[in-house]
Amino acid sequence: MPELPEVETVRRGLAPAMEGARIDNVEVRHRGLRWPIAKDFEKRLKGKTVDGVGRRAKYLLVDVSSGDVLVMHLGMSGSFRVAKDGEEGKIAKYHHEKAKSATHDHVVFHMSNGATVTFNDPRRFGSMKLVARAKMDQEPLLRSIGPEPLGNEFDAAMLAHACAGKKTSLKAALLDQRVVAGLGNIYVCETLFRARLSPKRQASTIADRKGQPNGRAVALVDAIKAVLHDAIKAGGSSLRDHRRADGSLGDFQHNFLVYDREGKPCPDGCKGTVKRIVQNGRSTFYCPACQK
């Protein structure tokens with residue numbers, strides 16, 4: 001499933017095609033996504049101008065002039081294909097093989113600037129939902145999501161406070177969207193390696209008895225921000241379906257230090273070997289020699 005860097009990459013690709021343009025028409029070809037698309041979906045969007053394309057955690061947020069927000073999730077295999085005046089790629093293109101099949105084109109937005117934005121999702125785990133801007137704070141999909149890791153307010157004190165008293169593993173805590181938004185299995189593994197912290201370490205150990213951050217919390221926050229910035233710059237990681245705005249693969253998978261590198265030497269040169277374990281049903285990759 002796409003994580004924060006992949007969703008941010010998609011957001012940056014959609015923004016030039018949608019921001020400032022009017023939605024002249026909406027085609028819903030299949031309402032049966034993760035949740036059924038509302039019957040008034042087209043009516044509420046047609047003729048409205050897109051004021052902005054944003055992101056919250058792993059959700060795309062499209063603000064429209066009516067006061068509604070289109071909340072979208074890519075699911076497991078969702079992607080967007082953008083064409084300009086009938087020709088793909090003038091603004092952005094997502095034309096990898098799975099997205100070429102019109103059978104899986106479920107929603108199409110026709111924009112006043114000549115762009116056509118098509119949502120393609122073979123597995124149909126993606127979702128689209130219109131929420132009134134005034135009610136976004138109460139929206140169940142977003143209500144319990146934690147702080148944005150790239151936000152200015154996210155720091156060692158905030159993370160330490162969220163982890164204080166937690167008996168779960170540090171990896172499980174970072175995957176908890178209530179603790180920090182948008183992190184998934186890949187980037188948590190990479191973050192913990194950069195911070196030199198074991199994924200098996202108890203989450204509460206990044207805080208003192210008063211819940212104040214220690215050196216581990218500082219290192220962890222620095223690593224989270226660095227990994228995400230690097231991944232976004234590389235266009236995300238392409239392991240299955242993700243493509244970036246120009247239709248090419250994301251490159252960050254070529255920069256993995258530990259993820260999916262079981263049995264290979266520790267890239268830090270500590271003479272350790274990358275190990276794979278299973279935590280909460282997910283593969284964890286780490287160096288037991290230098291991650292403590």
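Bear in mind these aren't lab numbers, they're just calculated from the coordinates by the rules spelled out. Small disclaimer: the values here were computed from a predicted structure and weren't measured. With ideal geometry, Cβ positions are generated from the backbone for all residues, glycine too; neighbour counts draw on all protein chains shown.
Over segment 4-143, what relative contact order in percent results from Cα pairs under 8 Å that are six or more residues apart?
Once normalised by length, the contact order is 29 percent.
Quick one: putting +1 on the C-beta of Lys and Arg, -1 on the C-beta of Asp and Glu, what dipole do you get for the chain around its Cα centre, in Debye to the nearest 20?
In total the dipole reaches around 1020 debye.
Quick check on the chain: helices-only [θ] at 222 nm, where DSSP H runs of length 4 and up contribute -39,500 (n - 2.57) each and the sum goes over total residues. Nearest 500, please.
The helix contribution divided over the chain gives -7000 deg cm²/dmol.
Explain nothing, just compute: Karplus ³J(HN,Hα) = 6.51 cos²θ - 1.76 cosθ + 1.60, θ = phi - 60°, for every residue of segment 223-230 in order, whole Hz, x for Gly and Pro.
Going residue by residue, I get 5, 4, 5, 5, 4, 5, 4, 5 Hz, with x marking Gly and Pro.
Wrap a convex hull around the Cα atoms of the chain, take a quarter of its surface area, and give that in square nanometres.
15.3 nm²
From the phi angles alone, apply the Karplus equation (6.51, -1.76, 1.60; θ = phi - 60°) to segment 265-274 and give each ³J(HN,Hα) in whole Hz, x where the residue is Gly or Pro.
Residue by residue, segment 265-274 yields x, 4, x, 7, x, 7, 6, x, 10, 5 Hz.
Can you check what the Kirkwood hydrodynamic radius comes to for segment 172-239, Cα pairs only, in Å to one decimal?
Values: mean 1/r = 0.0796 Å⁻¹.
Kirkwood radius, segment 172-239: 12.6 Å.
Can you work out ³J(HN,Hα) from phi for every residue in segment 197-214, in order, using Karplus 6.51 cos²θ - 1.76 cosθ + 1.60 and θ = phi - 60°, giving whole Hz and x for Gly and Pro?
Karplus values, whole Hz, x for Gly and Pro: 10, 5, x, 8, 4, 5, 4, 5, 6, 8, 10, 7, 5, 9, x, 7, x, 10.
Can you list residues whose amide H is under 5 Å from residue 146's amide H, if they're 5+ apart or on another chain and H is modeled 1.01 Å from N?
Answer set, sorted by chain and number: 178, 179, 180, 181.
Return a whole-number percent for the relative contact order of segment 156-286, with Cα pairs under 8 Å and 6 or more residues apart as the contact set. Write down the numbers at each step before the final one.
Working: 211 pairs, mean separation 30.5, N = 131.
Contact order relative to length: 23 percent.
Straight-line reach from residue 275: which aspartates and glutamates fall under 19 Å, measuring Cα to Cα and dropping same-chain residues less than 8 apart?
The qualifying aspartates and glutamates are 190, 260, 262.
Can you pull the Kirkwood radius for segment 156-286, inverse mean 1/r over Cα pairs, to one decimal in Å?
15.3 Å
Mind listing the long-range amide H neighbours of residue 279? Cut-off is under 5 Å, sequence gap 5 or more, other chains count too, H placed in the peptide plane at 1.01 Å from N.
284
Using the Cα gyration tensor of segment 1-71, with a ≥ b ≥ c the square roots of its eigenvalues, what is the shape: rounded (a/c below 1.5), prolate (a/b larger than b/c) or oblate (neither)?
On the way: a/c = 1.99, a/b = 1.20, b/c = 1.67.
Oblate.
Please list, ordered by chain and number, the residues whose modelled amide H lies under 5 Å from the amide H of residue 49; skip anything fewer than 5 residues away on the same chain.
Here 23, 65, 66 satisfy the definition.
Quick test of your reading: applying the under-4.7 Å Cβ rule, which cysteines of the chain are isolated?
163, 189 - these cysteines have no disulfide-compatible partner (Cβ-Cβ under 4.7 Å) in the chain.
Work through the residues other than residue 219 whose Cβ is under 13 Å from its Cβ and net out their charges, Lys, Arg +1 and Asp, Glu -1.
That sum, taken over residues with Cβ under 13 Å, equals +4.
Would you mind putting 103-115, 191-203 in packing order, based on average other-beta-carbon counts within 10 Å, highest first? Write out the running numbers ahead of the final one.
Values: 103-115: 18.5, 191-203: 21.3.
Ranked from most to least packed, the peptides come out as 191-203, 103-115.
If you find the alpha carbon centre of segment 142-175 and of segment 113-127, how far apart are they in angstrom?
Cα centres, segment 142-175 to segment 113-127: 32 Å.
So which lysines can residue 225 reach, going by Cα to Cα under 17 Å and dropping same-chain residues fewer than 8 places off?
Straight-line reach from residue 225, under 17 Å: 58, 171, 233.
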